[in-house]
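**Q** There's a structure below that I have some questions on.
The values are calculated or read from the model by the stated rules, or taken from the named source; none is laboratory data. Model, not experiment: these values are computed from the prediction. Please note: Cβ atoms are built from the backbone with ideal geometry, for glycine as well, and neighbour counts cover all protein chains shown.
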Amino acid sequence: MAENGRQELVITDAESEQLAGERSLNIVVAEQGCSLLRRMEICVAEAEKRSGKNAVNMQEMFTVYLIETRPMDAVAEGRNPAPEGRNPAPDSLWRRYSEFELLRSYLIVTYPYIVIPPLPEKRAEFVWHKLTADNMDPDFVERRRVGLENFLMRVASHQVLSNDKILYHFLTDEHGWKEVVFETGFQAKADSRLRALSATFRVRNTNKRFMDMKHYSDELQSHTSQLLRARARVADRLYGVFKVHGNYGRVFSEWSAIEREMGDGLQSAGHHMDAYAASIDDILEEEEHYADQLKEYLFYAEALRAVCRKHELTQYELEVSSQDLISKKQQREELATGVVRSFSFKGMTNKLFGQEAPEQREARLKLIEELIAEGEDTVKEKTAECEEHVEKAWVDMQRFEEQKDKDLREALIHYAVLQIRNTSVEQCQRVFPQDVKLKPYPKVFLPL
Amino acid sequence: MSVPGAPRGLASSGQKPIAEILHPLSAAEEPLSPGPDVTEDVRGDKEAVLTNGTPVETSSPASASSLLNRLQLDDDLEADGLDLYVSTETRDLFVTVDDPKKHVSTMETYITYRVSAKTTRIEFDLPEYCVRRRYQDFDWLRIKLEDSQPTHLIPPLPEKFVMKGVVDRFSEEFVETRMKALDKFLKRVADHPVLSFNPHLNAFLTAKDLNKRQGLALLTKVGESVKHAAGGYKLRARPAEFCAMGEYLDTFNQKLGTIDRIAQRIIKEQSEYLTELREYGTLYSSWAASEEELQRPLEGVASSVATCAGALEDLSENMSQDFLPVLREYVLYIESMKNVLRKRDQSQAEYEGRLEAAVLRRQEDRTPMPVEVEKCQDRLECFNADLKADWERWQSNKRQDFKQLLTGMADQNINHYEKCQAGWESLITLLQDKQTEDKSGETN
C-alpha cells in the first residue's frame, strides 16, 4: 500500500552546514500521500534560553525552539537563492514548549478519532541519579529538541493531520498563529472530563474491538512505564559499578611506584581503570535515546486510550439520546391513548384533580411530537457520529499498530546493537604491553 | 561411624562397616588410583599453572600422564632469567593436595585432604606417597618449619579460625578455596631449596600417623616461638637493605588492603546491579505477553538480558573465589615476612650486644673474643643470606602470581563480555531473519 503514511527517514549531514543551527538534524522525507511534507522540509534546529514575564507578571526563564521550514519545490527550483549556495534560506520562527502543547490540544479536540502523536515529556522523569531533573539542563533541552522535531515529523506525515490549516499556521505564522487557533473555538468543543468519565461507567454496548484496544493501551502504558523505571534503576547500579572500578586506578598507580619490574604494567592497568570508569557516562547517555523511544510509546498509549474513550462517549451519547427518544414516544402514547403505562406525576394529578381539558392535551401532544422529531434527528446525528468515529478511528488505530510494531522493533534492534558496541572487546585496551613473557595471554586487559 | 554426605557438603567416607573404614590419617593402604569419588579439578586453563609451574593434577597421581604434565616446562618461566628459583628442571619432589573428604566422629567433624608426593630423592624411602591430612596437620608442619628454620620465610597457611556462624566450614566453596591454598603452601615448601629437605616435611608427607601430640602443648603461636631467645637485646639500626624491605612490605600491605576493599565493594555493587538487571529482563517477558508482532523481539531481549545476568554472576563468583583469596594470601605472606625480619633484627641485636660486651671486656682485661660471639656472627650472616635469597624468591613468585592473577581476571572479563555479546548478537540475527521473512512476505 503506497498511501499508508509510513515514513522513510534519511539523515543527511551535508545540509546541516547550510542551516543556522550547529546541532540541527535535517530530515528529508519523500513520501506519497503526505501532502504537507511533500511540500516542505521541517526541522527543529536550535534551542535558546529567553526570559520574559509570565502570566502573573513574574520574571521567568524559558527555552524557545527554532522551527525551520523550507518549501520543497523552492529547493528544487532554486528560488530565493542564498548567497552561499544553491539551497535557499529556510523560513524560521521560534516556539515555546507551551505552544506545542496548545497545538496538540487543538489536534486532540479536532481529530478525536486519530491517535495523536505525543510530545516529549514536560519534566524529566525516570531519572537515574546522575541525570538531573532540571529542565534547563542542556542535555535535557537537546533531547527535547529532538522530541519536538519528531512530533512535528509525525504530525506532518500523517495522512489526515498533515492537511490541517492550523498546523500550517503553526509552522509559518509566528505571531498570528495563536489568534487563529483560538478563533476555531476548539476549547469549547473539548469534552468535559465529567462527561467522559460518566461515559466510561455507564455505557452499555461498546464495540468489542475498542474495548480490546483500550485494554491494550492500559497494558502498553503499564509495561513501558515499569520498564522505564527498572531501566533507570539498572542504570544507577551500573554507574556505581563502573565508578568503583575507578578507585582501582589510584591504588594501582600508587602500587606501581614501589615495584620495579611490575611498575609499568601496573601503571598501565591503573590508567585503563580510569578510562573504564569514565566510559560509563557515554554509554548511559546513548541509552537515553532508547529510553526516549520507549517514552514516546508510553505517551502514545495515553493517546490511544483517548480515542477509545471518545468512542465510549459517542456511544454513550447515542444511548442517552435513544433512551430519551424512547421515553418521549412513550409519553406521546400515553397522551394519545390516555392509558398510563408508567408512573407519572401528570397521571397522578389527573387522577387527583381530574383530567385536563382537550385543548391542553392537544397542545401538549403537539409539543411532544416536535420533541420527538427533534429527538429522531438527534439520534440520527449521534448514530452517524458514532459510526463515523468507529470507522475512522479503526483505520487510524490499525495504522498506529503497524507503526508501533515497526518503530519498537527497530528500537529494540538498535538497543541490541548498542549493547554489543558497549561490550566490544575492542573497547578494552592493553596492559603489560612490554611483557613478552606473557605471550600465551591475550593482549587485552579488562577491568575487574 | 560415618554418615552419608550432608546436602551441601562433600562426600564423606561413605557407609561402610567400621572394620573396613580406613583411618583417615592412614597412608599407603589407600589405592593410588582414584576411586569413583575423586573430586576432579575441572577449572581448566585458568588454574593450569601455579606459582612454580606445577600444573594442577587432573588425573591419578600414579598415572604417567600426570607425571609428564608436571615435567612439562612452562615457556614463560624458561624465558625469565630472574626466576631461577622456580625452574622446574631440577625439581625432584612433586606434591599435591586434593580430594577433600568429610569425616564425622563422635567427638568432631572435620575435613581431610589427600596429600600425594612423588620424588626421586634418597631421603625418601619410596618414590611415591599418599596420605590424608587435615588442616591441623598443616598447621603443625608450619610451626615445626618455623621453629626449625627460623632464618627462612615460611609460606603462609589460609586462615585457621573461621567464625562458625558466618562461614560454613563444610561448604564446597570454602573447602575448595582452603584446599587450593593448602596446595599452594605445600608446593612452595617443596620448591624451597632448604625447606624441602626439612625432616618435618618428610614426616608430613610420609608418616602414617603424625606424632604431633608431644609438641602441641609446648607450642606457642606462630611468630612467638623464636628458638634463639634474644633475651633483651635491642637493635640499634637495621641495615638499609632490610629497612627497604620493611618499608616495601608496609606499603604493599596497605595497597593490598585497599585493593581487597575495592574488590569487595565491586562484588557488592555488582550483586545489586544483578538484582535490578534480572527484574529488568523479566519485564520484557511480561510485556511480550500482551504483544503479537513484538512478542518475539521482546522475548529475545529478555533472554539476552538474562544471558548477561548469568554471565555477570559467574564473573562475580570467580572474583570471590580466585581473586580475593590470592590477595589475602599475600597479606599473610607479608605478615610472615615481617616476622622473619624481626627475628633477623633480634639475631643482629644479640650479636651486636654480645660483641659490644666482649669488646669492653677485652679492653678491660684482654679476655679474647668468646666463641659465642663468633657463633652469633655466623648465625647473623647466615640469617642475612637466607633472608636475602628468600626475599628474591618471594619477589619473583609474587610477580608471577600477580601477573597470572591479573591476566586471569582479564581473561574472565573477556569471557564475560563475549558471552554477553553472543546473547545480543543472536537476538539481532533472530530479528533480522524475521525482517527478511516479512519483506519477502510483503512482496508476495
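**Q** Kindly evaluate B:SER320 against the criterion of being surrounded by fewer than 19 Cβ atoms within 10 Å (Cβ to Cβ) and more than 11 Å from chain A (Cβ to nearest Cβ).
**A** Values: surrounded by fewer than 19 Cβ atoms within 10 Å (Cβ to Cβ): yes; more than 11 Å from chain A (Cβ to nearest Cβ): yes.
Considered against the rule, which asks whether it is surrounded by fewer than 19 Cβ atoms within 10 Å (Cβ to Cβ) and more than 11 Å from chain A (Cβ to nearest Cβ), B:SER320 comes out as yes.
**Q** Under 9 Å between Cβ atoms, at least 6 apart or on separate chains: pull out the pairs that start in segment A:391-414 with a residue that is facing chain B (nearest Cβ under 10 Å) and end on any residue that is crowded, with 16+ Cβ neighbours inside 10 Å and of a type in the set (Val, Ile, Thr).
**A** A:LEU412/B:VAL301; A:ILE413/B:ILE428
**Q** List the number of the failed condition for B:MET179; all other conditions in (1) within 28 Å of B:ALA385 (Cα to Cα); (2) assigned to a helix (DSSP H, G or I); (3) touching a strand residue (DSSP E or B) at 6+ places or on another chain (Cβ under 7 Å) hold.
**A** B:MET179 satisfies every listed condition except (1).
**Q** Quick check: is even one residue across segment B:373-390 within 24 Å of B:TYR248 (Cβ to Cβ), of a type in the set (Gly, Ala, Ser), part of a helix (DSSP H, G or I) and at pLDDT 90 or above?
**A** yes
**Q** If you check A:ILE326, A:ILE280, which single one turns out to be more than 11 Å from chain B (Cβ to nearest Cβ), part of a helix (DSSP H, G or I) and surrounded by 18 or more Cβ atoms within 10 Å (Cβ to Cβ)? Explain how you work it out, then say what you get.
**A** Values: A:ILE326 fails: surrounded by 18 or more Cβ atoms within 10 Å (Cβ to Cβ).
Result of the check over A:ILE326, A:ILE280: A:ILE280.
**Q** While we're looking at this one, here's another question. Within segment A:197-216, work out how many residues are touching a residue at least 12 places away in the same chain (Cβ under 8 Å), assigned to a helix (DSSP H, G or I) and over 12 Å from B:TRP287 (Cα atoms). It would help to see each step written out before you state the result.
**A** The initial filter retains those residues of segment A:197-216 that are touching a residue at least 12 places away in the same chain (Cβ under 8 Å), namely A:198-200, A:202-207, A:209-211, A:213-214, A:216.
Next, from what is left, pick out any that are assigned to a helix (DSSP H, G or I): A:198-200, A:202, A:209-211, A:213-214, A:216.
Keeping just the survivors that are over 12 Å from B:TRP287 (Cα atoms) gives A:198-200, A:202, A:209-211, A:213-214.
Final tally of qualifying residues: 9.
**Q** State which residue is nearest to the other protein chains (Cβ to nearest Cβ) when the search covers only segment B:271-289 and only residues that are polar (S, T, N, Q) and closer than 21 Å to A:THR224 by Cβ. Write out each step before concluding.
**A** So the first thing to find is which residues in segment B:271-289 are polar (S, T, N, Q), and the list is B:271, B:275, B:282, B:285-286.
This time we only want the ones that are closer than 21 Å to A:THR224 by Cβ, so: B:282, B:285-286.
Numbers: B:THR282: 9, B:SER285: 10, B:SER286: 7 Å.
Selected residue: B:SER286.
**Q** Being part of a helix (DSSP H, G or I) and without any contact (Cβ under 8 Å) to a residue 40 or more places away in the chain: is that true of A:GLU254 here?
**A** Yes.
**Q** For segment A:155-169, give me each residue that is out of contact with any Asp or Glu (no Cβ under 9 Å at 6 or more places or on another chain) and in a helix (DSSP H, G or I).
**A** Listed by number, the residues that qualify are A:ALA156, A:LEU161, A:SER162, A:ASN163, A:LYS165, A:ILE166, A:LEU167, A:TYR168, A:HIS169.
**Q** Which of (1) crowded, with 16+ Cβ neighbours inside 10 Å; (2) farther than 25 Å from A:GLN419 by Cβ; (3) more than 10 Å from every other protein chain (Cβ to nearest Cβ) does B:ILE262 not meet, given it meets every other one?
**A** Here B:ILE262 meets the rest and fails (3).
**Q** Which one of these does B:ALA240 not meet: (1) in contact with a Ser or Thr (Cβ under 8 Å, 6 or more places away or on another chain); (2) more than 11 Å from every other protein chain (Cβ to nearest Cβ)?
**A** Among (1) in contact with a Ser or Thr (Cβ under 8 Å, 6 or more places away or on another chain); (2) more than 11 Å from every other protein chain (Cβ to nearest Cβ), the lone unmet condition for B:ALA240 is (1).
**Q** Kindly establish whether A:VAL320 is surrounded by 19 or more Cβ atoms within 10 Å (Cβ to Cβ), of a type in the set (Val, Ile, Thr), away from chain B (no Cβ under 14 Å) and more than 30 Å from B:PHE252 (Cβ to Cβ). Break it down into steps so the answer makes sense when it comes.
**A** Numbers: surrounded by 19 or more Cβ atoms within 10 Å (Cβ to Cβ): no; of a type in the set (Val, Ile, Thr): yes; away from chain B (no Cβ under 14 Å): yes; more than 30 Å from B:PHE252 (Cβ to Cβ): yes.
In short, no.
**Q** Another question about this same structure. When you check B:ASP345 against the structure, is it within 30 Å of B:ASN397 (Cβ to Cβ) and of a type in the set (D, E, K, R), yes or no? If you could, list the steps in order and put the result at the bottom.
**A** On the way: within 30 Å of B:ASN397 (Cβ to Cβ): yes; of a type in the set (D, E, K, R): yes.
Here the answer is yes, as B:ASP345 does meet what is asked.
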